[in-house]
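Data block below; observations after.
The values are calculated or read from the model by the stated rules, or taken from the named source; none is laboratory data. This one's a predicted model, so the numbers in the text were calculated from it and none came from an experiment. Note that each Cβ is placed from the backbone with ideal geometry, even for glycine, and that neighbours are counted across all protein chains shown.
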Amino acid sequence: MPVKKKAVVNRWIDFSPIDGPGNRTVIFFQGCNLNCSYCHNPETIEIYEDDKVPESLYLLTVDELIEKIEHNFSYISGITVSGGEPLLQVDFLKELFSRTKEFGLTNFIDTSGTVPFSRQKELLALTDGVMIDFKAGNNSDFLKVTGSDKLEIIKENIILLDDLGLLHEIRTVIAKGLIDYKKNTAEIAGFIAEIDPEIKFKMIGYRDHGVENGEDIREPTEEEMNKLVKLANSKGCNNIQIIG
Ligand code: SF4
């Protein structure tokens, strides 16, 4: 008998109205390939081997995870996998998504976009939508925010997901003091508008709750956020939403 795949899960939320369409159960997977300065879930970054998972986390097979969240299934439209970076445990996701499909649920992915979707055809066939982060508009600022040089992968993923009709939204956190947020917003908006001006572009105002390394980062004001909307509009984006 094949050995069942296990994933390291940090936690889950039974019902969320903000992590994709409708009411959804959100599963936060443990482990991330980035180290963002403004991470709100720093406890999800560390990657653990199966035999070293702390007691505060969960090492689960798909059957065990389904057992823990199945009581929600009559009340939700589907599940959203988040993290951390859920795509670091992709084999588990494929098995999980095929099981949730059997329950008539939809599957959404909340990702940093730094794992290439072009190699994940099987997973995409089971996926109904992707929310993808766009943390900076150029390589040097992306490196400053995330410690990673994977911006090009995000751009390729966005183009692919848009082509496949699976791009639910693009999100960027607006944080002052870290990078030139106006320049980056203009760059990101320009990139989005060139692909499709109607892509949903969600701008999330940075809030310092739960951030461990945010000493030099500041929250934008409502007025500054409104100005950014005008800037993104002027670059051609038509579908902008402000959060926070
Ligand atoms: S990608 Fe998300 S979870 Fe990972 S470090 Fe960045 S903000 Fe945190």
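Evaluate the following for Leu34: is it within 16 Å of the ligand (Cβ to nearest atom), surrounded by 15 or more Cβ atoms within 10 Å (Cβ to Cβ) and more than 15 Å from Thr106 (Cβ to Cβ)?
yes
Being among the charged types (D, E, K, R) and under 21 Å from Arg171 (Cβ atoms), is that true of even one residue in region 47-55?
No, that holds for no residue.
I'd like to verify a number: residues in region 36-60 that are more than 28 Å from Phe134 (Cα to Cα), of a type outside the set (A, V, I, L, M, F, W, C) and part of a loop (DSSP other than H, G, I, E, B), how many?
4
Here is a list: Glu152, Glu70, Glu169, Glu122. Which entry is surrounded by fewer than 21 Cβ atoms within 10 Å (Cβ to Cβ) and within 16 Å of the ligand (Cβ to nearest atom)?
Matching residue, one of Glu152, Glu70, Glu169, Glu122: Glu169.
Failed condition for Leu143, given (1) touching a strand residue (DSSP E or B) at 6+ places or on another chain (Cβ under 9 Å); (2) within 16 Å of the ligand (Cβ to nearest atom); (3) without any contact (Cβ under 8 Å) to a residue 40 or more places away in the chain, with all others met?
(1)
Which residue, of Asp163, Asp141, Asp133, is modelled with pLDDT of 95 or more, under 15 Å from the mean Cα position of the chain (by Cα) and of a type in the set (Asp, Glu)?
Asp133
Here's a check for you: in region 166-190, which residue that is assigned to a loop (DSSP other than H, G, I, E, B) and more than 15 Å from the chain's Cα centre (by Cα) is nearest to Leu231 (Cα to Cα)?
Among those that are assigned to a loop (DSSP other than H, G, I, E, B) and more than 15 Å from the chain's Cα centre (by Cα), it is Asp180.
Tell me whether region 173-186 contains one or more residues that are farther than 14 Å from Tyr38 by Cβ, in contact with a Ser or Thr (Cβ under 8 Å, 6 or more places away or on another chain) and surrounded by 17 or more Cβ atoms within 10 Å (Cβ to Cβ).
Keep residues of region 173-186 that are farther than 14 Å from Tyr38 by Cβ, which gives 180, 182-183, 185-186.
With the extra rule that they be in contact with a Ser or Thr (Cβ under 8 Å, 6 or more places away or on another chain), the set shrinks to 185.
Next cut, surrounded by 17 or more Cβ atoms within 10 Å (Cβ to Cβ) only: 185.
Among the residues of region 173-186, at least one is farther than 14 Å from Tyr38 by Cβ, in contact with a Ser or Thr (Cβ under 8 Å, 6 or more places away or on another chain) and surrounded by 17 or more Cβ atoms within 10 Å (Cβ to Cβ), which makes the answer yes.
Any residue at all in region 15-23 that is in contact with a His (Cβ under 9 Å, 6 or more places away or on another chain) and buried (at least 17 other Cβ atoms within 10 Å of the Cβ)?
Scanning region 15-23 turns up at least one residue that is in contact with a His (Cβ under 9 Å, 6 or more places away or on another chain) and buried (at least 17 other Cβ atoms within 10 Å of the Cβ).
What about Ile18, is it within 16 Å of the ligand (Cβ to nearest atom), among the β-branched types (Val, Ile, Thr) and closer than 27 Å to Lys200 by Cα?
Yes; evaluated as a whole, the condition is true for this residue.
Regarding region 201-208, can at least one residue be identified that is surrounded by fewer than 17 Cβ atoms within 10 Å (Cβ to Cβ) and of a type in the set (Gly, Ala, Ser)?
There is no residue in region 201-208 that is surrounded by fewer than 17 Cβ atoms within 10 Å (Cβ to Cβ) and of a type in the set (Gly, Ala, Ser).
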